[in-house]
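The values are calculated or read from the model by the stated rules, or taken from the named source; none is laboratory data. Just so we're clear, the structure is a prediction, and the values are computed from it rather than from any experiment. Positions of Cβ are backbone-derived with ideal geometry, glycine not excepted, and every protein chain shown enters the neighbour counts. Protein only, heavy atoms only, side chains kept; ligands, DNA and RNA dropped before computing areas. Shrake-Rupley method; radii C 1.70, N 1.55, O 1.52, S 1.80 Å.
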Amino acid sequence: MIEKGTFTVKAGLAQMLKGGVIMDVTTPEQAKIAEKAGACAVMALERVPADIRAAGGIARMADPAVIKRIMDAVTIPVMAKCRIGHFVEAQILEALGVDYIDESEVLTPADDKYHVNKHMFKVPFVCGARNLGEALRRIGEGAAMIRTKGEPGTGNVVEAVRHIRQVNDEIRWVCNLPDDELMTAAKELQAPYELVVEVKRLGRLPVVNFAAGGIATPADAALMMQLGCDGIFVGSGIFKSGDPMKRARAIVAATTYYNDPQVLAEISEDLGEPMVGIDISTIRPEERMQDRGW
Amino acid sequence: MAGKRIGVLALQGAFIEHEACLKKCGVEAVQIRKAEEIEGIDGLIIPGGESTTIGRLMREYGLDTRIIEKAREGMPVWGTCAGMILLAKELDTDEPWLKLMDMKVKRNAYGRQVDSFETELDIKDIGKIKGVFIRAPYVEKVWGEAEVLCIHDDKIVMVRQGKLLATSFHPELTDDLKIHQYFVELC
């Protein structure tokens, strides 16, 4: 008896990605640079978040031809993004054979009320979250991996820091509650009760939790790891910088040696220009990607 | 088993899961990120993860030569999934890494993530366990000193060579400690 698409197998791939860096790429050449630099997976996109932000308009799933070329170029896992609630884009990505789907706020939401029912798929999903309730709602819908939302395409880590601190703060709160207060806690968090009970039992999220949205330097990656993230997504931060290969290698090393300031100092030297960052207060409320998701 | 100290290579991948299993077996588990940390351990686990990521970091930070030396001196080493790939003397497409075990390994041999699976395995001297295969490799052939411990669906998924052990699957993702206990006894 062989069983495919079980939750163990879906969450298991996320466990294998831990301590690693998942890099956004838009061409097979970029995918090869990422793989050579030590990325544990790549996210296949038509445009990185910084360019999506600059272009405006409606951002959709990438052209399958772009995704297929990237899948052919590398042997590491390939992820791709679908719009929030767009279960047909998800079906197409599953048919292409991508290894993980990111139901992502970086793209324009296709549904303003509901997310994809991720239990219906054999391919695993990762979703963004700003707080514990949002993370547990996504896990309740079948997500096998969570990431902070941060504010994508800004090169500004402040929102990702806020989101991981918020999640950690709420986990500590749940862990300190007596069992008879967990139902009311679930109500306040707007989270499934069973998952709140599970968080208290484990003392952490029941699935792997990565950092995403604004990581641009090795120090940013190490910061998110020291704050308790299991690994790192870098979107625009690598291929919008002056020397992508060097920066990519440094961020990979920083994610492993996040607790070793000596190593961090060495790998942070002479990396060239980082991506140009954006101050969050200059982004109009309707352009904030992190507010997408229900 | 008390008093043993077993290292888990902690460059990337599922090293925390192995640490937890070792602790449940009653031995001390330590994370290994630097060459000098390999001194004073009774055995080493190379976990699942991305073999290219772990391999590159291992080389850059000088762990590969130290692991090869210690393994040749008799230190037990167990590789799961990516760890199996790193231990092989031959790979189907890429250049091999540590070249310690007499086997040829095929990467991503079962296909992509949608083909990842769980199944029951029957292992020589150990018995039945649940096998979790995630974008798993399998062994195409063995030679010399390598002994096959498990075949599933005509594919070799577990090999032992002296004190070296390799599994395609992930015992650290199940509650069954049999393979961890088997490895601890080797150490």
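Points to keep in mind about this one:
- Contact map, the range B:139-161: residues that are over 17 Å from residue B:117 (Cβ atoms) paired with residues that are among the acidic types (Asp, Glu) and surrounded by fewer than 15 Cβ atoms within 10 Å (Cβ to Cβ), Cβ distance under 8 Å, separation 6+ or inter-chain. Pairs shown: B:140/B:92; B:149/B:125; B:159/B:147; B:160/B:147; B:161/B:145; B:161/B:147.
- Subset of the range B:48-91 [away from chain A (no Cβ under 13 Å), surrounded by fewer than 21 Cβ atoms within 10 Å (Cβ to Cβ) and not in a helix (DSSP H, G or I)]: B:73, B:74, B:75, B:89, B:90
- When residues of the range A:61-78 are limited to those that are out of contact with any strand residue (DSSP E or B) (no Cβ under 9 Å at 6 or more places or on another chain) and free of Cβ contacts under 8 Å to residues at least 24 places away in the same chain, the one farthest from the other protein chains (Cβ to nearest Cβ): A:63
- Number of residues in the range A:171-224 that are under 30 Å from residue A:240 (Cβ atoms) and more than 24 Å from the chain's Cα centre (by Cα): the value is 0.
- Among the candidates A:69, A:53, A:47, residue that is modelled with pLDDT of 95 or more, open to solvent by 10 Å² or more (accessible area, probe 1.4 Å) and of a type in the set (Lys, Arg): A:69
- Number of positions in the range B:21-47 that are in contact with a strand residue (DSSP E or B) (Cβ under 8 Å, 6 or more places away or on another chain), in a helix (DSSP H, G or I) and touching a residue at least 24 places away in the same chain (Cβ under 8 Å): 3
- Long-range neighbours under 9 Å by Cβ, at least six apart or interchain, first residue touching a residue at least 40 places away in the same chain (Cβ under 8 Å) and of a type in the set (D, E, K, R) within the range A:117-129, second open to solvent by 10 Å² or more (accessible area, probe 1.4 Å) and assigned to a strand (DSSP E or B): A:122/A:4
- Residue ID - most open to solvent (accessible area, probe 1.4 Å), chosen from residues in the range B:92-128 that are away from every other protein chain (no Cβ under 14 Å) and assigned to a loop (DSSP other than H, G, I, E, B): B:125
- Taking the criterion of being in contact (Cβ under 8 Å) with a residue 40 or more places away in the chain and assigned to a helix (DSSP H, G or I), the residues of the range A:139-183 that qualify are A:139, A:140, A:158, A:159, A:160, A:161, A:163, A:164, A:165, A:167, A:168, A:174.
- Cβ-Cβ contacts under 9 Å between residues 6 or more apart (or on different chains), taken from a first residue in the range A:236-257 that is within 16 Å of residue B:9 (Cα to Cα) and assigned to a helix (DSSP H, G or I) to a second residue that is open to solvent by 10 Å² or more (accessible area, probe 1.4 Å) and of a type in the set (Phe, Trp, Tyr), are listed as A:253/B:61; A:256/B:61.
- Residues of the range A:142-170 that are open to solvent by 20 Å² or more (accessible area, probe 1.4 Å) and under 22 Å from residue A:200 (Cβ atoms): A:165, A:166, A:168, A:169, A:170.
- Residue pairs whose Cβ atoms lie under 7 Å apart, separated by 6 or more positions or on different chains, with the first residue in the range B:166-187 and farther than 21 Å from residue A:2 by Cα and touching a residue at least 60 places away in the same chain (Cβ under 8 Å) and the second open to solvent by 20 Å² or more (accessible area, probe 1.4 Å) and charged (D, E, K, R), are B:177/B:24; B:184/B:4; B:186/B:163; B:187/B:4; B:187/B:42.
- When the range A:92-107 is filtered for residues that are in contact (Cβ under 8 Å) with a residue 60 or more places away in the chain and away from chain B (no Cβ under 14 Å), the ones remaining, listed by number, are A:105, A:106.
- Meets criteria (more than 26 Å from residue B:140 (Cα to Cα) and either under 13 Å from the mean Cα position of the chain (by Cα) or touching a residue at least 40 places away in the same chain (Cβ under 8 Å) (or both)) for residue B:92: no
- Some residue of the range A:48-60 being closer than 27 Å to residue A:135 by Cβ and within 14 Å of chain B (Cβ to nearest Cβ): no
- Scanning the range A:110-132 turns up at least one residue that is under 16 Å from the mean Cα position of the chain (by Cα), hydrophobic (A, V, I, L, M, F, W, C) and assigned to a helix (DSSP H, G or I).
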